[in-house]
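Right, one structure below, let's go through it.
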Amino acid sequence: MRLVAITGGIGSGKSIVARIVQVMGFAVYDCDSRARKLMNESDQVHRQLVEAFGQEIYLDDGTLNRQHLSALAFGNDTVLTRLNSIVHPATATDMLAWAREQEKRGAQVAFVETALLRTAKLDLLVDEVWHVTAPSSTRVPRVMQRSGLTAQQVQERITSQAVEEAIAPGEHVIVNDDKAAVLPQVIQLLSTINQTEK
């Protein structure tokens, strides 16, 4: 089975591409939602987070105290590195188990949606990368509209993801700038995969 990553910086529109392939019948592993699920439901991740950040990391009902965690991690590289060292490996393990399940079901291609392809070292686990791009002038208003962040805050997040913004050799680029049609680009890349599989 071929495992394809859909990645791109904040506001690039990678989720739109993920939804397109999902509607077309392909399975998609959403790293963000699965990571949140693991932090709430995995005993191992729960234990590691409590050991690293204290019991306050969880609410009385046992769910992750996201507001507290965000406050701890914001602007603190040490905390963020520790958090990533717990969550990223757990997510990668979960993703590989999910991929094996898709293969058992007969899937020839499956997708992984992630904003942190390189940071989480998922680029080492996939066969192909689709990198969704859009100019900052398009991305900033998109994120402002959905998040309530200021233009400066969005731009800071874009800048902080510089390692993820770079397009590596061999990655396929999908332009999602509200001008170029996305669907034909997706269909073209899928046809390339099908030819490879043959």
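Take the chain, connect every pair of alpha-carbon atoms lying under 10 Å apart with a spring to form a Gaussian network, then pick out the residue of Val109, Val154, Val79 with the largest mean-square fluctuation.
Sorting by GNM fluctuation, first place goes to Val79.
Contact order normalised by length for region 38-103, with contacts defined as Cα pairs under 8 Å and 6 or more residues apart; what percent is it?
With pairs under 8 Å counted, the relative contact order is 30 percent.
Taking Cα pairs under 8 Å and at least six residues apart, what relative contact order does region 59-198 come out at, in percent?
Once normalised by length, the contact order is 21 percent.
Where the accessible area of the chain is counted over protein heavy atoms with a 1.4 Å probe, how much of it, in %, is carbon and sulfur?
Answer for the chain is 51 percent, counting heavy atoms of protein chains only.
For the chain, modelled as a GNM with alpha-carbon contacts under 10 angstrom, which of His172, His68, His131 fluctuates the most?
His68
Keeping all protein chains in position, work out how much accessible area Glu51 exposes to a 1.4 Å probe, and write it in Å² to the nearest 10.
About 130 Å², ignoring ligands and nucleic acids.
Evaluate 2.2 N^0.38 Å with N set to the residue count of region 14-137, then give the Cα radius of gyration divided by it.
Rounded to two decimals, the normalised Rg is 1.17.
Report Rg (one decimal) and Dmax (nearest whole number) for region 103-188, counting Cα atoms only, units Å.
Cα only, region 103-188: 15.0, 46 Å (Rg, Dmax).
Grab the Cα-Cα distance for Asp61 and Asn76, subtract it from 0.36 nm times how many residues apart they are, and report the gain in nm with one decimal.
2.7 nm
Which ³J(HN,Hα) values in Hz, rounded to whole numbers, follow from the phi angles of region 81-95 under the Karplus curve 6.51 cos²θ - 1.76 cosθ + 1.60, where θ = phi - 60° and Gly and Pro get x?
5, 5, 4, 4, 5, 8, 7, 4, x, 5, 5, 4, 4, 5, 5
Ranked by accessible surface with a 1.4 Å probe, highest first, in what order do Lys121, Lys37, Lys179, Lys14 come?
Heavy-atom accessible area, descending, gives Lys179, Lys121, Lys37, Lys14.
Considering only protein heavy atoms, what per residue accessible area in square angstrom results for the chain with a 1.4 angstrom probe?
The answer is 55 Å² per residue.
The values are calculated or read from the model by the stated rules, or taken from the named source; none is laboratory data. Since the model is a prediction, treat every value here as computed from it, not as a measurement. Calculation scope for accessible area: heavy atoms of the full protein, side chains included, ligands and nucleic acids excluded. Shrake-Rupley method; radii C 1.70, N 1.55, O 1.52, S 1.80 Å.
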